[in-house]
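Read the structure below first, then the notes.
Read-outs throughout are calculated quantities, based only on the coordinates presented, and are distinct from any laboratory measurement. These figures come from a predicted structure and were not determined experimentally. Quick reminder, even Gly has a Cβ in these numbers, built from the backbone with ideal geometry, and neighbours come from all protein chains shown.
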Amino acid sequence: MNKIAARWQAFRAWQENPISYHMDSSEHVCNNCGHTFRGNYCPVCSQSARHGRVSWLAIWQGIGQLWGIESRSAIYTLWQLFLRPGYLVRDYISGKRQVSYPPVKLLFILAAVVALARYFFPIPVPEHSPIGYKYVDWAFTWIDNHQNIAELLIGCVAILPTWIFFRKAPRYPNHTIPEGFYLQVYLAILSYIFYSVFAELDSIASALTAVYSFMAYKQLFGYGYWGTLWRLIICAVLGITTLVLIALMGALISTI
C-alpha cells in the first residue's frame, strides 16, 4: 500500500508540474558558427546545442515542421491532455506555452487526421432520426459534417457561464473570457476524440466528455468535488438553453 500511495503522490506531483528545466553546464562547440559556449543554445547564432549530424530523430523533426510541430509535440500535448487536462489548460493560459502545441491548430489538424482515417477506414456513424422540423434536421446534418467547428461553437456558448460562476475560483481566480475560450478549445479536442473513437457508442463518448470536463474544471479552478459539480451543471444548462434559444430564433427568422 505504501508503494501505491508513493506512486500516486508522484503522479500527482507530475500532474502539477510535469516539466523541469535545467541549464546545460557542459561546454559545446556550435556546429553552425563554431562558437564555443555553455548552455542549451549558442549565444551567437541561437542554434541548439543538440543539433549535430543528421539522425532519425532529425528526420522526424523535419517532417514535424511541415505541420508546425517543431519542438512542441502534438502527441505529447494530447498525452498531457488525457492525464492532466486542467493543469495543461492552466499552463497554457498562464503563459507556459513552450512545449504545448497551439490548441486551435491542434483541433483542426486532429479533424484532418480523423477525416483521412474515415476516408480510408470508413466507420458507420449513426444518423439522427428525422425530427420533422427541417431547421433542426439541417442543424444535426451540419454538425455531423463539421464536427470540429461544431464542437468549438458549442464550447464558445459555455465561455460566459464559466466566467460568471468560476471567476472567484481558489486556484485560478479572475480568469478572463479569452482564457475561457482556450479552455473550451481543449475540451472540444477531447470531445472530438471521444466521438470519433466511439462513433457507434454515443453514450460512452458523452460519459467520457462529461468526466474529463469535470476533471479539467476541478484541476484548473481548484473547487472541491461538489463545488465544481454544481457550477459545471449550471454552466451546461445555461449553455444548452442558449443553443436552443439561438436555434429557435434562427428558425423563426427563416419563416418570416
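Numbers for the structure displayed
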{"read-out": "Computed lengthening from ILE164 to LYS105, 0.36 nm per intervening residue step minus Cα-Cα distance", "value": "18.5 nm"}
{"read-out": "Highest average packing first - 6-19, 160-173, Cβ atoms within 10 Å", "value": "160-173, 6-19"}
{"read-out": "Gap separating the Cα centres of segment 95-109 and segment 174-225, nearest whole Å", "value": "16 Å"}
{"read-out": "Two-site FRET efficiency, GLU200 against ILE240, from Cβ-Cβ distance with R₀ of 30 Å, rounded to 0.05", "value": "0.80"}
